[in-house]
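The structure appears below as structure tokens.
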Amino acid sequence: MPTREENDLTRTRLAGERTQLAWVRTGLASIAVGVGLSRVVPLLDQKVIEWPYVALGVAYCAFGVGLIFFGVQRGKLSAHPDPDKPVVPASGGFLAIGGILLSIATVIVVAFAN
């Protein structure tokens, strides 16, 4: 029979894995949005200027890779059983600012599409 401490460690490790998978899932969604913006949207309207959508698509793909990298790093740290483990990297603020800037850029590109 596992002890209470073992149950707590297992629950914490599983919560870290779920969080890591959520980061990876969000990163994959961002990459899918980037591919859609850069390759699909310009095909829908032949009169639209293509380069802003390609630039946004590349930015979304890079953002998605950053999310996946951050999630994996965070997952590795949360799975570490040592109580004196290093803290989670401080890239969260950078990613939040990146997401806000991407959102603003998307609104601007869509607003001035024609």
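Residues checked against (1) among the hydrophobic types (A, V, I, L, M, F, W, C); (2) modelled with pLDDT under 85; (3) assigned to a helix (DSSP H, G or I):
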site	(1), (2), (3)
67	yes, no, yes
70	yes, no, yes
75	no, yes, yes
83	no, yes, no
88	yes, yes, no
99	no, no, yes
103	no, no, yes
106	no, no, yes
114	no, yes, no
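Could you please find all residues in region 91-109 being surrounded by 10 or more Cβ atoms within 10 Å (Cβ to Cβ) and not β-branched (Val, Ile, Thr)?
Selection gives 91, 92, 94, 95, 96, 98, 99, 101, 102, 103, 105.
With the requirement that a residue be without any contact (Cβ under 8 Å) to a residue 40 or more places away in the chain and of a type in the set (A, V, I, L, M), what does region 51-66 give you?
54, 55, 58, 62, 65
When you look at residue 4, is it basic (Lys, Arg) and at pLDDT below 85, yes or no?
Criteria met by residue 4.
The values are calculated or read from the model by the stated rules, or taken from the named source; none is laboratory data. Only a predicted model underlies this, so the values are computations on that prediction, with no experimental measurement involved. No Cβ is skipped: glycine too gets one built from the backbone with ideal geometry, and neighbour counts run over all protein chains shown.
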